[in-house]
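Novice: Take this structure first; my questions come after.
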Amino acid sequence: MSAAISVRNLFRYFGVLKAVDGISFDIPHGSVCGFVGANGAGKTTTMRMLATLDYPTMGSAEICGINVVDHPDKVRSLIGWMPDNFGNYDHMTVLEYLDFYARALGYTGDERKGRIEEVMAFADLMPLADRISNKLSKGMTQRLCLGRALLHDPQVLIMDEPAAGLDPRARVELKHLIRILAEEGKTIFISSHILSELGEMCDTLLFINAGRIVHHGDADSLRYGSDATGGVFYDVQVNGNPESVADWVILNPGVEVVETRKRGARLRLPNPDPARAAEILRGMVKDGVPVIEFHREERNLEDAFIDILGQLEQGGAGLTAPPDLSTPDAPSGEQHSGTEATPPTA
Amino acid sequence: MLVKELRQGIRTGSFVILFLLLQAILTFVLLIASSIGLSEGRLDTAANGRFVTGFILIIYSLAVLLFQPLRGISSIATEVRENSIDLMSLTRLTAWRIVSGKWLSIVSQSALIAGAVLPYLIIPYFLGGMQLFPELILWFCLFVVSGALTALTVGISAIGSALLRGLLVVAGGALMMGYLLFGFPSHIPILIEMLSFTRGDQSLAAIAFLVAACYLCYFFLDLGATAIAPSSENRATRKRLIGLGALTLTYLLLCPTGGSLALFIALGITACIALDLFSERVNFSSIICWKFLRFGALGRIAGRFLYPGWATGSLFFLALVLVLCLLISLTHSSPRHYTIALLGIGTLAFPAAIIQLFARNSENRFSSYSFILLVSLILSKILVVLYDNFSGELLLWIFSFIPMTLLPLAPESASGTEPFPVLLAAIGITSVYLLVILMRSLHQLSQLSTLESVAQRGLDDSLMEAHDPDH
């Protein structure tokens, strides 16, 4: 089965400007992928090409196995597109707006009414039905846009900066709606500047810089900071002598002390398997090490992004090869479970 | 699309104000005309009737030829600026339906205005001097012209740069207003006489007028549709063939009225076709080749003329020149007609040659072409005026790189006693421009074979899938 979104060596030049410079990635069905990059990095251009609104200079892009350039009509029936900003119409209410798009999508009669009611209920637009569509707040407008994008029940949602300019409450509401859509099994490709939010919502993150993919992996691998060889770091705190951790490690190979700290130590485990972490914690407790805290080290995604860019500037050491996501079951399962293996306290 | 546009359009202040203002002015005219009608015997009522008819037609023309078409100039540009065109493109609405819906909405509103004006045209009946049939035909013709002008503004709103649109509003609007206020009143009696159809060729000219107007509507709307359509949609082939058909038909219909009119209208249509041919984006999806490849070698040859893009457009333009020369040879085979035709073709090829030489990769070839052509035409007009006043033939020859400047010399060269220097110059200059255009298109034309190979593979795969779905 092909990936929901598959991009191969995609280029888009605007004159001499290389907006997208040979990117390749796959996004499996039913996953939520965050697309991260600075302004002008090529996010919107990539998304517009996937949404059949722009055409690549070279390369191919497929949605559910259908080429976006050769068969835009087929692709358009599969995708829902939410642009970063758009204008609504004068003299048109929210209901009329949705009605127009439902007609344009080919719905007729009761089916049209049903679809409109469904998306209005989902996006909480019922109280706004008679409001003029271009007199709504930013949050309401985004809900309306989401409702419009869902009218034809698309398999893939492409959302370009949906949370930009929203107040915290509207942001939470939007996040909630996206979460529900993800639970329904829709593939969501979302770009945002707010990395912490993406981290919460997304299964994988795709970092783009100057038109090139610089990282493709799950959010947890960034947040919990695995190193170049895949090792992960744990912070262990004890009630008593901090040397007791180092002493225990000497007797138990397969784990190393990276740094001795005031109340414990920083450990490095060679692989991110949570079962191994649990085994180590169990061993420490069993051997009488007075552990009061044992957790995987976490950094925020902004720092991780900056680190990657920094490493890139130093010669590409931070480049993480895009994982082979050609099989839908493979995406990030093994690392994803890491979150569950980080009990805050022992 | 039409429902949405009408819903919005009729609610806008500009239409409501225009409609009410028109009603107020025409009611006022009705009252004045009635009072004149009641005082019959003291004045020349037939002359008054003609004056009232003229006045109503001018007011009507201002509404449908100036204000209504200008409303189209931002119709698609606004949607593009606000990103809402993307949202519409993603529905089942095709680019053509989006553009034509916009046009039809404005034309429907113009029809409301036309319908509202119609009863007032009956006023002159009470005053005398009424020519009902020709006046109604003129009323209808103005409505048709309004449709074509609206198509022009709606089409340009999708493709042109803001500068071009601004120029169209300011310069086009000013010219139209000037003509309607100062030129049109004196033309009304001539137009009414023409539309009396007292001569057989006038009917043919009217049909040619309708064909040309319909073609212009189609052309400009399709121009707009092409700008917002995905690159896998082939809009070029049909547009070129329809353009060729319209050119041939109008030329043949207008031939009985005299070759020059037919030729100038044909050159006007050629200008539209050239505007599109030389400004199409050169890249297109290989899937477009499929339909052509099904016809084997013949399809491949046809593709060289009919695939989208300015490269194949150059070859099609050459074919167009040959067709025009063939038409002239079949009808009015005089050197004068060949000279006019070649001067026109050369003038249309001039901006394309400039672009091919200096801005081949320009993203906005349409604006560049329109701008150079407009400047060339204005310059040649100025030179012709100078020539008329000072008889400076040398000046025309200096600027002969814009072939249209040699037009005043064309009749002289057709006298039969001279060795046709203008005809020779027209042939020489036009050939150079065509050669430049073709030479600079060769690289793109040579790449068509690669694209066709890719398309052939895709076609074979799709045929294989159709025969064996499990493949």
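Novice: Classify segment B:1-227 as rounded, prolate or oblate, taking a ≥ b ≥ c as the square roots of the eigenvalues of its Cα gyration tensor: rounded when a/c is under 1.5, otherwise prolate if a/b is larger than b/c and oblate if not.
Specialist: Verdict is prolate for segment B:1-227.
Novice: For chain B, report the accessible area per residue in Å² (1.4 Å probe, heavy atoms, rounded to an integer).
Specialist: 44
Novice: Once a ≥ b ≥ c are taken as the square roots of the eigenvalues of the Cα gyration tensor of chain B, is the result rounded (a/c under 1.5), prolate (a/b larger than b/c) or oblate (a/b not larger than b/c)?
Specialist: oblate
Novice: Suppose we compare each residue of segment B:216-253 in its chain alone and in the full protein complex with a 1.4 Å probe; which ones drop by at least 30 Å² of accessible area?
Specialist: Residues of segment B:216-253 that lose at least 30 Å² of accessible area once the other chains are added: B:Pro230, B:Ser231, B:Ser232.
Novice: Name the residues whose placed amide hydrogens come within less than 5 Å of the amide hydrogen of A:Val258, ignoring near sequence neighbours (fewer than 5 apart) on the same chain.
Specialist: A:Arg266, A:Leu267, A:Arg268
Novice: Listed here are the pairs A:Lys74/B:Lys291; A:Lys18/A:Lys186; B:Lys239/B:Lys291; which of them are more than 23 Å apart at the Cα?
Specialist: Exceeds cut-off: A:Lys18/A:Lys186.
Novice: Looking at chain A, send over the antiparallel percent of its DSSP beta bridges, to the nearest 5.
Specialist: Within chain A, antiparallel bridges account for around 70 percent of the total.
Novice: Further question on the same structure: For a test of the definition: using alpha carbon positions, the gyration tensor, and the 1.5 limit on a/c, classify segment A:124-180 as rounded, prolate or oblate.
Specialist: Oblate is the answer for segment A:124-180, as a/c is 1.5 or above yet b/c matches or exceeds a/b.
Novice: Which sequence of B:Glu233, B:Glu193 reflects their accessible areas, 1.4 Å probe, from the largest down?
Specialist: B:Glu193, B:Glu233
Novice: Cross-link candidates for A:Lys286: which lysines have Cα within less than 24 Å, leaving aside residues fewer than 8 places away along the same chain?
Specialist: By straight Cα distance, A:Lys286 reaches A:Lys262.
Novice: Considering just Cα atoms, how many Å³ per residue does the convex hull of the protein assembly as shown enclose?
Specialist: 216
Novice: Put a dot 7 Å past each Cα toward the Cβ at B:Cys214 and B:Phe358; how far apart are the dots in nm?
Specialist: Computed distance between label sites B:Phe358 and B:Cys214 equals 4.1 nm.
Novice: Computing the accessible area with a 1.4 Å probe over protein heavy atoms, can you report the carbon and sulfur percentage for the protein assembly as shown?
Specialist: That share works out to 63 percent.
Novice: Counting helices only, and only those DSSP H runs with n ≥ 4, report the 222 nm mean residue ellipticity of chain A as the sum of -39,500 (n - 2.57) divided by its residues, in deg cm²/dmol to the nearest 500.
Specialist: One gets -10000 deg cm²/dmol as the mean residue ellipticity at 222 nm.
Novice: Would you jot down the residues in segment B:256-295 that end up with at least 40 Å² less accessible area in the complete protein assembly than in the chain alone, with a 1.4 Å probe?
Specialist: When all protein chains are present, B:Ile287 each give up 40 Å² or more of accessible surface.
Novice: Note the buried accessible area between B and A here, summed over both chains, with a 1.4 Å probe, in Å² to the nearest 100.
Specialist: Looking at B and A, the buried total is near 2600 Å².
Novice: Which value, in Å², gives the accessible area per residue of chain A when a 1.4 Å probe is used on the protein heavy atoms?
Specialist: Per residue, chain A has 43 Å² of solvent-accessible surface.
Novice: In addition: For chain B, what is the relative contact order in percent, using Cα pairs closer than 8 Å and at least 6 residues apart in sequence?
Specialist: For chain B, the relative contact order is 14 percent.
Novice: Right, another one. Can you give me the relative contact order of chain A as a percent, contacts being Cα pairs under 8 Å and 6 or more apart?
Specialist: Reported relative contact order: 19 percent.
Novice: Using alpha-carbon pairs under 8 Å, 6+ residues apart, how would you state the relative contact order of segment B:1-227 in percent?
Specialist: Once normalised by length, the contact order is 32 percent.
Novice: Here's a follow-up. Rounded to the nearest 0.05, what FRET efficiency do A:Asp110 and A:Glu183 give with R0 = 35 Å and r taken as the Cβ-Cβ distance? Could you check?
Specialist: 0.80
Novice: In segment A:43-64, what residues drop by 50 Å² or more of accessible area when the other protein chains are put back, versus the chain on its own? Use 1.4 Å, and skip ligands and nucleic acids.
Specialist: A:Tyr55
Novice: In debye to the nearest 20, how big a dipole does segment B:1-227 give about its Cα centre with +1 on each Lys and Arg Cβ and -1 on each Asp and Glu Cβ?
Specialist: Magnitude of the dipole: close to 460 debye.
Novice: With θ set to phi - 60° and the Karplus curve 6.51 cos²θ - 1.76 cosθ + 1.60, what are the ³J(HN,Hα) couplings of segment A:15-28 in order, to the nearest whole Hz, using x for Gly and Pro?
Specialist: x, 8, 6, 8, 5, 10, 10, x, 9, 9, 6, 10, 10, x
The values are calculated or read from the model by the stated rules, or taken from the named source; none is laboratory data. All values derive from a computational prediction rather than experimental measurement. As a convention, Cβ positions derive from the backbone with ideal geometry for all residues, glycine included, and neighbour counts pool all protein chains shown. In case anyone asks, the SASA skips ligands and DNA or RNA and just uses the protein heavy atoms, side chains included. Shrake-Rupley method; radii C 1.70, N 1.55, O 1.52, S 1.80 Å.
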